[in-house]
1. Given Cα pairs under 8 Å that are at least 6 residues apart, what percent is the relative contact order of the chain?
2. Any idea what % of Cα-Cα pairs in region 139-249 are farther than 23 Å?
3. Would you look at the GNM of the chain, springs on alpha carbons closer than 10 Å, and say which of ALA139, ALA162, ALA41 moves the most?
4. For region 228-262 and region 85-158, what is the centre-to-centre distance using only Cα atoms, to the nearest Å?
5. What FRET efficiency comes out for the pair VAL118/VAL16, r = Cβ-Cβ distance, R0 = 30 Å, nearest 0.05?
6. When the chain is modelled as a GNM with alpha-carbon springs shorter than 10 Å, which of ALA196, ALA90, ALA178 fluctuates the most?
7. On each of the three principal axes of the Cα atoms of region 76-137, give max minus min coordinate, whole Å, ordered largest first.
8. Would you mind getting the Kirkwood hydrodynamic radius of the chain from its Cα pairs, rounded to one decimal in Å?
Amino acid sequence: MTASSTTPTSVSDETVRLYRDQGFVHIPGVLSEEEVKEFRAAALELVEEEGPQIWGADEDEVQVHYVAQAWRKHEALRRLALHPTITALATRLADGPLRLYSTDVLMKKPHGALPTLVHDDETGLPLSGLSRTLSAWVALGDVPVERGCLTFVPGSHLRGPAERQEHMRDFGEFVNIADVWPEYPWRPRVTVPLRAGDVTFHHSRTVHMAGPNDSDEVRVGYGVVYADPEVSYRPGVQDQHMADLEPGQPLPADLFPLVGHP
């Protein structure tokens, strides 16, 4: 792979329909080999500089090491979050403009990182007015099944409000998916291994998870949340970067820019 093989116009109407029906889609070859190399180096550099946070109770129970709001901390990762192909694909799948909300460098270390818990993104977003919000997961290296790739539950984004935990004020309020959606244990799941430069997009209500990293190499990915342009602040978890906003305040465009093609 020496050049990007995917553009917004090369994505078929069937791919768009598939995303809207199942709540996720895999788009191969979005980044070139040269882009992967640049952005992976930037991600690892930032992890080294910042010292990553962890998802998990402690280092013995780590699911993921991460650096939050990476696009505000490294120029190359800002360019990746605003990558014209990724943002145009996101807005095409969402059928309208979006706003860049957040980015994380996401690492699973070899032989030790546990499975990422079953969740959807809506629950942990301190935002109101979500409907088209989605995440892009950019592979900055090959992610076979053994390295902890993502698994999705097709159609789970279509659950009604009674079957979703729409918000939580702190992590202590988190409810297991099966407790709020009793049908979950019987729903099919699709595991999506990725080549370096591939991207998956998933709706904020799509239930997903990731396996452990049982390989000999670190798994490096970049997660980007693109939100509905009209969302407003709703106090919740991981909202430190919104400390200057009032509840109900729309996201300011200078901090959360519009992306893609209207």
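Every number in this text was worked out from the coordinates using simple rules, so none of it is lab data. These figures come from a predicted structure and were not determined experimentally. Every residue, glycine as well, gets a Cβ built from its backbone with ideal geometry; the counts of neighbours run over all protein chains shown.
1. Values: 592 pairs, mean separation 78.6, N = 262.
Rounded, it is 30 percent for the chain.
2. On the way: 2721 of 6105 pairs.
Of all Cα-Cα distances in region 139-249, 45 percent exceed 23 Å.
3. ALA162
4. Rounded to whole Å, the Cα centres lie 18 Å apart.
5. Details: r = 26 Å, r/R0 = 0.88.
It comes out at approximately 0.70.
6. ALA178
7. For region 76-137, the Cα extents along the three principal axes come out at 40, 29, 18 Å.
8. On the way: mean 1/r = 0.0542 Å⁻¹.
Roughly 18.5 Å, rounded to one decimal.
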